[in-house]
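The next block holds one structure in the form of structure tokens; read it before the comments.
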Amino acid sequence: MASVGIHDVRKSFGSVEVIHGVDISISDGEFVVLVGPSGCGKSTLLRMIAGLEQITGGEISIGERVVNLVPPKERDIAMVFQNYALYPHMTVQDNMAFSLKLAKAESAEIERRVKEAAEILGLGAYLERYPRQLSGGQRQRVAMGRAIVRDPQVFLFDEPLSNLDAKLRVQMRTEIKALHQRLTTTSVYVTHDQIEAMTMADRIVVMHDGIVEQIGSPLELYDHPANMFVAGFIGSPAMNFIEGRVARDAGETRIVSADGVRLPVPQTLQAADGHKVVYGVRPEHIELANGAGGVPAEVSVIEPTGAYTLAFVKMADAEVCAMFDERHAFRPGETISLAPRTDLVHVFDAETGRRL
Amino acid sequence: MAVDVNQRRAPAAIEQPGRLKRLSRSKGMMSLWFMMPAATILLLFLAYPLGLGVWLGFTDAKIGRSGVFIGLENYAWLFDDPVFWLAVFNTFLYTVVASIVKFGLGLWLALILNHHLPFKAILRAVVLLPWIVPTVLSAIAFWWIYDAQFSIISWTLVKLGILTEYIDFLGDPANARASVIAANIWRGIPFVAITLLAGLQTIPQSLYEAAVIDGASPWQRFRYVTFPMLTPIIAVVMTFSVLFTFTDFQLIYVLTRGGPLNATHLMATLSFQRAIPGGQLGEGAAIAVSMIPFLLAAILFSYFGLQRRRWQQGGSD
């Protein structure tokens, strides 16, 4: 196990810079998830850690050693690919043993390690099968087994669950997390799925357009997103955004939307009167107003899921989603009164997108 | 919605059509009709000439005289004919050496072309050139290259001071064999190279990345990833290559006509030589027919080679 340091790392393909100076320090044994929309550079960054891509600028270190010019096989890492990249002409056993065989390990040692990994992953019965004869989830396990047998310093996962169906994805993400708790090997995990990131990570790195938007624990990102991008990316359904201006009158601070609706905010908000802002509130932080003081909203669609009810409404000149634990039977076109939870709303600068 | 059960159970009045009508409506009959045109063409243009060739091999037909059945006399005659056995030897030498070299060089070329090279498209087109030029044309070009007086190879070597006299490429038996084999290799490489290149491009890049991380050297990546994944295609390519080489006629016929001293006579050229210029249709046909067992052996070899390996067989998903 080892820590991983990424210092001012840049990557260009030709004249196009795709990663613009990224700093992340990953401690020993930590499970870090790189998350972001496609094209944000997260996979490229992972491949640079693996040594599959050259580093254009900056420095990557594994443990104490700077690995910029170290070939992949000497970095002591193992990688799990999105398409598993299992060798189709080798049995499960041979797939897992391949790296040890190349390293000229003794055959008894190889067998012991493969058996051990197969046991951890429940693959014992499949050792003589070929990848084609396995289901998607089993192939994914073999890919992880191949990584485990090497006992590397760092595990790298490149969207390993993207090719699985939804149910299996949920199951495998629990398995990967359990595996990490057992092996405690430093892991870097790339995904575009924020739920995967939230459920698995010790720390999440949110990337966007080749820069790091925010680094923090899942709940930190949820509770205190640094900017509108993180706020909109983390959480499902996504946070609602309403444009407006800060209005201070009679000692009370409010956000007034374009059509004059007054939205409640914490009185500690540090912003000048008339400042252009974006008001952010998560669907789960909107309640039905009791009596007066609510914001009027016109219902357009109701989606009952059983566990909760989603209401898509038009409120303060914006499309807003609200999530209720109770079951409501609003009719489309009906006007209801909603109340954002003042202590849990977010206010962002309209120009910079930064949290105020 | 309630369904009237009685009504559903009521037997439908099925009319009993005549036998002929039923036959014409049957699926098997229909497929037979649809197969007819293709089957006719196959029988007419493939089976008939083949059958005729085999039949001729059992007769003493000559040009201008339809022969009579003489049993295995032609084959008995060939069995004692040293020229026939020389042609068999030549054919094997030609096929084995040319196929091995074509495979080696073709694979090497394919591996090079599979890399990111500048002008890759142009290079690939250039590689295909020997394959698209008509054989007779390239044979004539080689004829000039191998000419006893005007050979560019001899000229270059003499001018460079490496040799003092011109090489007799096609006049000396050993030289002639090497020369026709070289010409065949030149012509056959593109087929091997381009087909193997197509095979190489089906191997996912991530397998190589996984192998790099697993610690494989470039040679080990070839040995453990590229080669095993390429074997099904190699089996196809080499079967075709062997068949083409074994039955080669044009190159030899233009370059040497089987000479000198029958040193480059292949079974195909000898068969033609005996049957058409020599007029012995029966004997020529017998030589051609005696190629069939070898060709069948090559096809059987590939049939077993081509059988889907266990790792290629489908899974349960």
Margin query: If a residue counts only when it is open to solvent by less than 20 Å² (accessible area, probe 1.4 Å) and modelled with pLDDT of 90 or more, which helices (runs of 4 or more DSSP H) contained entirely in region B:265-317 have at least 3 such residues?
Written below: B:267-275, B:281-289
Check: If we scan region B:252-264, do we find a residue that is within 14 Å of chain A (Cβ to nearest Cβ), surrounded by 16 or more Cβ atoms within 10 Å (Cβ to Cβ) and part of a helix (DSSP H, G or I)?
Finding: no
Margin query: Exactly one of these conditions fails for A:ALA311: (1) more than 15 Å from A:MET239 (Cα to Cα); (2) at pLDDT 90 or above. Give me its number.
Written below: (1)
Item checked: Within region B:11-36, considering residues that are open to solvent by less than 100 Å² (accessible area, probe 1.4 Å) and small (Gly, Ala, Ser), the one modelled with the highest pLDDT -> B:SER31
Next item on the list: Only residues that are polar (S, T, N, Q), at pLDDT 90 or above and assigned to a helix (DSSP H, G or I): list them for region B:224-249, please.
Entry: B:THR226, B:SER241, B:THR245
Next item on the list: Answer with yes or no whether B:ASP60 is at pLDDT 85 or above, closer than 30 Å to B:THR264 by Cβ, within 30 Å of the chain's Cα centre (by Cα) and among the charged types (D, E, K, R).
Entry: no
Notebook entry, point to check: Out of curiosity, is B:GLY199 more than 28 Å from A:ARG75 (Cα to Cα), of a type outside the set (Phe, Trp, Tyr) and more than 14 Å from chain A (Cβ to nearest Cβ)?
Noted result: no
Margin query: If the requirement is being at pLDDT 90 or above, of a type in the set (S, T, N, Q), touching a strand residue (DSSP E or B) at 6+ places or on another chain (Cβ under 8 Å) and farther than 30 Å from A:GLY232 by Cα, which of these qualifies: A:SER25, A:SER61, A:SER43?
Written below: A:SER61
Notebook entry, point to check: When region A:200-226 is examined, which residues are found to be more than 16 Å from A:GLY39 (Cβ to Cβ) and in contact with a Phe, Trp or Tyr (Cβ under 7 Å, 6 or more places away or on another chain)?
Noted result: A:MET200, A:ALA201, A:ASP202
Checklist line | Extreme residue, farthest from the other protein chains (Cβ to nearest Cβ), among residues of region A:114-134 that are surrounded by fewer than 18 Cβ atoms within 10 Å (Cβ to Cβ) and not in a helix (DSSP H, G or I) | finding: A:GLY122
Item checked: Candidate set: region B:224-233, residues that are open to solvent by less than 30 Å² (accessible area, probe 1.4 Å) and over 23 Å from A:ARG75 (Cα atoms); chosen: the one nearest to the other protein chains (Cβ to nearest Cβ) -> B:PRO228
Margin query: I'd like to check something: does region B:139-162 contain any residue that is of a type in the set (Val, Ile, Thr) and closer than 26 Å to B:MET291 by Cα?
Written below: no
Note to self: A:ARG47 - would you say it is of a type in the set (D, E, K, R), in contact with a Gly (Cβ under 7 Å, 6 or more places away or on another chain), within 14 Å of chain B (Cβ to nearest Cβ) and within 23 Å of A:ARG203 (Cβ to Cβ)?
What the structure shows: no
Margin query: Any residue at all in region B:118-134 that's within 26 Å of the chain's Cα centre (by Cα) and at pLDDT 90 or above?
Written below: no
Margin query: Being without any contact (Cβ under 8 Å) to a residue 60 or more places away in the chain and within 9 Å of chain B (Cβ to nearest Cβ) is the filter here; which residues of region A:76-94 pass it?
Written below: A:ALA85, A:TYR87, A:PRO88, A:HIS89, A:MET90, A:THR91
Margin query: Which count do you get for residues in region A:63-113 that are out of contact with any Phe, Trp or Tyr (no Cβ under 9 Å at 6 or more places or on another chain), of a type in the set (A, V, I, L, M) and not in a loop (DSSP other than H, G, I, E, B)?
Written below: 6
Checklist line | region B:185-209 residues that are within 11 Å of B:GLY106 (Cα to Cα) and open to solvent by less than 20 Å² (accessible area, probe 1.4 Å), paired with ones that are among the polar types (S, T, N, Q) and at pLDDT below 90 (beta carbon under 8 Å, 6 or more apart) | finding: B:LEU197/B:ASN114
Margin query: Considering only region A:214-226, I want to know if a residue exists there that is of a type outside the set (Ser, Thr, Tyr), touching an Asp or Glu at 6+ places or on another chain (Cβ under 8 Å) and modelled with pLDDT of 90 or more.
Written below: yes
Notebook entry, point to check: Can you name the number of the only condition in (1) buried (at least 21 other Cβ atoms within 10 Å of the Cβ); (2) within 25 Å of A:ASP325 (Cα to Cα); (3) within 18 Å of the chain's Cα centre (by Cα) that A:GLY232 fails?
Noted result: (1)
Check: Of these, A:GLY145, A:GLY137, which one is in contact with a helix residue (DSSP H, G or I) (Cβ under 8 Å, 6 or more places away or on another chain), closer than 30 Å to A:VAL67 by Cβ and not in a loop (DSSP other than H, G, I, E, B)?
Finding: A:GLY145
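Residue-wise test of (1) open to solvent by 10 Å² or more (accessible area, probe 1.4 Å); (2) outside the structural domain of A:SER217 (by TED's automatic domain parsing); (3) in a loop (DSSP other than H, G, I, E, B).
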| position | (1), (2), (3) |
| --- | --- |
| A:VAL18 | yes, no, no |
| A:GLY21 | yes, no, no |
| A:ILE24 | no, no, no |
| A:ASP28 | yes, no, yes |
| A:VAL32 | no, no, no |
| A:PRO37 | yes, no, yes |
| A:LEU46 | no, no, no |
| A:ILE55 | yes, no, yes |
| A:SER61 | yes, no, no |
Next item on the list: Starting from residues that are assigned to a helix (DSSP H, G or I) and surrounded by fewer than 21 Cβ atoms within 10 Å (Cβ to Cβ), keep the ones in region B:213-223 and report whichever is farthest from the other protein chains (Cβ to nearest Cβ).
Entry: B:PHE222
Item checked: Matching residues, region A:298-354, being part of a helix (DSSP H, G or I) and exposed (fewer than 13 other Cβ atoms within 10 Å of the Cβ) -> A:ASP343
Next item on the list: Return the only residue of A:ILE215, A:ILE204, A:ILE195 being outside any helix (DSSP H, G or I), open to solvent by 20 Å² or more (accessible area, probe 1.4 Å) and either in contact (Cβ under 8 Å) with a residue 24 or more places away in the chain or on the phi < 0 side of the Ramachandran plot (or both).
Entry: A:ILE215
Next item on the list: Inspect region A:151-159 for any residue being of a type outside the set (A, V, I, L, M, F, W, C) and closer than 25 Å to A:PHE233 by Cα and give the result as yes or no.
Entry: yes
Note to self: Being in a strand (DSSP E or B) and either closer than 18 Å to A:VAL347 by Cβ or within 21 Å of the chain's Cα centre (by Cα) (or both) is the filter here; which residues of region A:274-290 pass it?
What the structure shows: A:LYS276, A:VAL277, A:VAL278, A:TYR279, A:GLY280, A:VAL281, A:ILE286
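The values are calculated or read from the model by the stated rules, or taken from the named source; none is laboratory data. Values in this document were obtained by computation on a predicted structure and should not be read as measured data. Note that each Cβ is placed from the backbone with ideal geometry, even for glycine, and that neighbours are counted across all protein chains shown. For the accessible areas, the whole protein counts, side chains as well, though only heavy atoms, and no ligand, DNA or RNA atoms are used. Shrake-Rupley method; radii C 1.70, N 1.55, O 1.52, S 1.80 Å.
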